[in-house]
1. List every residue pair whose Cβ atoms lie under 7 Å apart, where the two residues are 6 or more positions apart in sequence or sit on different chains, the first residue falls within the stretch 1-30 and is among the aromatic types (Phe, Trp, Tyr), and the second residue, located anywhere, is outside any helix (DSSP H, G or I).
2. For the stretch 12-31, give me the residue count where each residue is touching a helix residue (DSSP H, G or I) at 6+ places or on another chain (Cβ under 8 Å) and either farther than 14 Å from residue 134 by Cα or surrounded by fewer than 17 Cβ atoms within 10 Å (Cβ to Cβ) (or both).
3. State yes or no: is residue 128 under 13 Å from residue 112 (Cα atoms) and surrounded by fewer than 21 Cβ atoms within 10 Å (Cβ to Cβ)?
4. For the stretch 150-160, state whether one or more residues are assigned to a strand (DSSP E or B), of a type in the set (Ser, Thr, Tyr), surrounded by 15 or more Cβ atoms within 10 Å (Cβ to Cβ) and under 20 Å from the mean Cα position of the chain (by Cα).
5. Based on what the data block shows, is residue 204 buried (at least 20 other Cβ atoms within 10 Å of the Cβ), in a helix (DSSP H, G or I) and either of a type in the set (S, T, N, Q) or assigned by TED's automatic domain parsing to the domain that holds residue 17 (or both)?
6. Can you run down the residue pairs with Cβ atoms below 7 Å, 6 or more apart or on separate chains, where the first is in the stretch 212-224 and outside the structural domain of residue 186 (by TED's automatic domain parsing) and the partner is charged (D, E, K, R) and assigned to a helix (DSSP H, G or I)?
7. Quick one: how many residues across the stretch 114-125 are surrounded by fewer than 20 Cβ atoms within 10 Å (Cβ to Cβ) and either in contact with a helix residue (DSSP H, G or I) (Cβ under 8 Å, 6 or more places away or on another chain) or within 18 Å of residue 196 (Cβ to Cβ) (or both)?
Amino acid sequence: MEEVVCLHAAEVFRTLNTSPQGLTSAEAEKRLAQYGFNLLVEKKQRPPVYKFINHLRDLFSVLLLFASLLAAVSGMVELSVVILLVVLVNAVFSMFQEWRAEKAMQTLKSWMPEYAKVTRDGELKKVPIKELVPGDVIVLGEGDRVPADARLVEAFDLWTNNVPLTGESEPQSRTDKPVMVVDSTYIDVPNLVFMSTSVAKGQGKAVVISTGMNTKFGKIAELT
């Protein structure tokens with residue numbers, strides 16, 4: 001990413017081994033096999049009973065359950081019950097936190113578009129975003145959601161809304177010009193656009209540099 005932000009458009013195409021005509025369908029399939037689908041990956045959903053039992057199996061809970069058993073054997077029933085309640089409350093709270101994370105993940109996924117406008121084989125096509133790969137040339141217009149992290153190669157009065165990433169509600173101006181000084185997060189680099197952000201105004205073209213969980217949005221999903 002650091003390399004492409006400092007390059008002119010022609011050099012960006014060369015570096016990412018693509019062209020203004022986009023990838024061929026055959027090359028796109030090859031890269032899809034290499035990089036995988038452009039999707040947010042979430043943990044497999046488990047039944048509530050399994051989740052509850054799993055939270056009782058961690059070391060802290062096991063030690064408390066053992067302490068509760070010792071207290072009961074020693075005749076300290078009240079202490080045993082109190083310790084047991086602590087374990088159960090902890091398990092329920094952990095399940096609640098896990099449920100909130102799952103809901104947050106669903107919200108993140110809802111911010112992603114279903115399709116993207118892509119130049120493939122020299123033609124403008126509409127493809128499912130899961131099939132996007134690094135090197136694809138995407139076309140952006142007002143109201144579109146950005147389907148992957150990409151480097152702009154054309155920008156005409158382009159402004160993006162970066163709320164999902166930064167919380168900043170004011171649209172940010174974008175450019176296709178090289179940028180020599182960038183911060184470590186790259187979020188504020190004006191010639192980059194990021195998955196899940198939206199085009200508030202203008203239009204442009206960009207070359208995909210990261211997809212799926214390798215995007216900035218993917219990193220947020222991973223933390224969630």
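The values are calculated or read from the model by the stated rules, or taken from the named source; none is laboratory data. Keep in mind the model is a prediction, meaning the values are calculated, not measured. No Cβ is skipped: glycine too gets one built from the backbone with ideal geometry, and neighbour counts run over all protein chains shown.
1. 13/19; 13/20; 13/207
2. At the first step, the residues of the stretch 12-31 found to be touching a helix residue (DSSP H, G or I) at 6+ places or on another chain (Cβ under 8 Å) are 12, 15-16, 19-20, 23, 28.
Then keep just the ones that are either farther than 14 Å from residue 134 by Cα or surrounded by fewer than 17 Cβ atoms within 10 Å (Cβ to Cβ) (or both); that gives 15, 19-20.
Number of matching residues: 3.
3. Details: under 13 Å from residue 112 (Cα atoms): yes; surrounded by fewer than 21 Cβ atoms within 10 Å (Cβ to Cβ): yes.
For residue 128, the condition - under 13 Å from residue 112 (Cα atoms) and surrounded by fewer than 21 Cβ atoms within 10 Å (Cβ to Cβ) - is met.
4. Of all residues in the stretch 150-160, those assigned to a strand (DSSP E or B) come to 150-160.
Subsequent filtering for residues that are of a type in the set (Ser, Thr, Tyr) retains 160.
Now drop any that are not surrounded by 15 or more Cβ atoms within 10 Å (Cβ to Cβ), which leaves 160.
If we keep only those that are under 20 Å from the mean Cα position of the chain (by Cα) too, we end up with 160.
There is at least one residue in the stretch 150-160 that is assigned to a strand (DSSP E or B), of a type in the set (Ser, Thr, Tyr), surrounded by 15 or more Cβ atoms within 10 Å (Cβ to Cβ) and under 20 Å from the mean Cα position of the chain (by Cα).
5. On the way: buried (at least 20 other Cβ atoms within 10 Å of the Cβ): yes; in a helix (DSSP H, G or I): no; either of a type in the set (S, T, N, Q) or assigned by TED's automatic domain parsing to the domain that holds residue 17 (or both): yes.
So residue 204 fails the test.
6. none
7. Of the residues in the stretch 114-125, 5 are surrounded by fewer than 20 Cβ atoms within 10 Å (Cβ to Cβ) and either in contact with a helix residue (DSSP H, G or I) (Cβ under 8 Å, 6 or more places away or on another chain) or within 18 Å of residue 196 (Cβ to Cβ) (or both).
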